[in-house]
1. For residue 103, state whether it is under 22 Å from residue 37 (Cα atoms) and surrounded by 13 or more Cβ atoms within 10 Å (Cβ to Cβ).
2. Given (1) in contact with a strand residue (DSSP E or B) (Cβ under 7 Å, 6 or more places away or on another chain); (2) under 20 Å from residue 131 (Cβ atoms); (3) exposed (fewer than 13 other Cβ atoms within 10 Å of the Cβ), where does residue 76 come up short, assuming only one miss?
3. Could you list, in sequence order, the residues of segment 92-107 that are free of Cβ contacts under 8 Å to residues at least 60 places away in the same chain and either more than 8 Å from the chain's Cα centre (by Cα) or not in a strand (DSSP E or B) (or both)?
4. Has segment 35-48 got any residue that is modelled with pLDDT under 95, on the phi > 0 side of the Ramachandran plot and in a loop (DSSP other than H, G, I, E, B)?
5. Test residue 47 against the criterion of being more than 13 Å from residue 91 (Cα to Cα), touching a strand residue (DSSP E or B) at 6+ places or on another chain (Cβ under 8 Å) and buried (at least 16 other Cβ atoms within 10 Å of the Cβ), and give yes or no.
6. What residue, of 134, 87, is surrounded by 16 or more Cβ atoms within 10 Å (Cβ to Cβ), in contact with a helix residue (DSSP H, G or I) (Cβ under 7 Å, 6 or more places away or on another chain) and at pLDDT 95 or above?
């Protein structure tokens with residue numbers, strides 16, 4: 001009976017560890033592959049920098065410029081850089097904006113404010129190029 005009990009505990013522990021392995025921060029290389037030269041469509045959440053929950057989109061130009069159409073329809077511009085597996089965007093409209101980490105859980109990618117730990121947005125989809133003509 002003890003053997004069955006120990007096997008059950010071991011199996012439960014393995015499932016718990018497997019569940020933890022499913023959620024993982026993207027690396028700098030993975031974030032670059034996800035966003036650079038693409039438009040990222042977002043579902044912004046309570047922790048968003050703009051303070052508006054809804055749909056937004058950001059074009060991350062290959063030259064390091066970012067162009068953001070906020071859920072309110074405002075157009076923001078800034079520069080982005082990468083630091084220790086995080087994306088840092090310094091918006092003209094919001095200087096010194098904290099960096100973000102990208103946390104993948106299954107098919108969902110959450111953008112997390114590194115200063116607060118609060119989710120800013122979820123990536124709805126990415127599209128190559130700048131089809132929305134942001135910043136033009």
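1. When the stated conditions are applied, residue 103 passes them.
2. The one condition residue 76 does not meet is (3).
3. 92, 93, 94, 95, 96, 97, 98, 99, 107
4. So far as segment 35-48 goes, no, none of its residues is modelled with pLDDT under 95, on the phi > 0 side of the Ramachandran plot and in a loop (DSSP other than H, G, I, E, B).
5. For residue 47, the condition - more than 13 Å from residue 91 (Cα to Cα), touching a strand residue (DSSP E or B) at 6+ places or on another chain (Cβ under 8 Å) and buried (at least 16 other Cβ atoms within 10 Å of the Cβ) - is met.
6. The conditions single out 87.
For (1) assigned to a loop (DSSP other than H, G, I, E, B); (2) in contact with a strand residue (DSSP E or B) (Cβ under 7 Å, 6 or more places away or on another chain); (3) over 17 Å from residue 46 (Cα atoms), each residue gets a yes or a no:
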position: 67; (1), (2), (3): no, yes, yes
position: 90; (1), (2), (3): no, yes, yes
position: 109; (1), (2), (3): no, yes, no
position: 116; (1), (2), (3): yes, no, no
position: 123; (1), (2), (3): no, yes, no
position: 131; (1), (2), (3): yes, yes, yes
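The values are calculated or read from the model by the stated rules, or taken from the named source; none is laboratory data. Just so it is clear, the model here is predicted, and its values are computed rather than measured. FYI the Cβ positions are ideal-geometry reconstructions off the backbone, even for glycines, and counts take in every protein chain you see.
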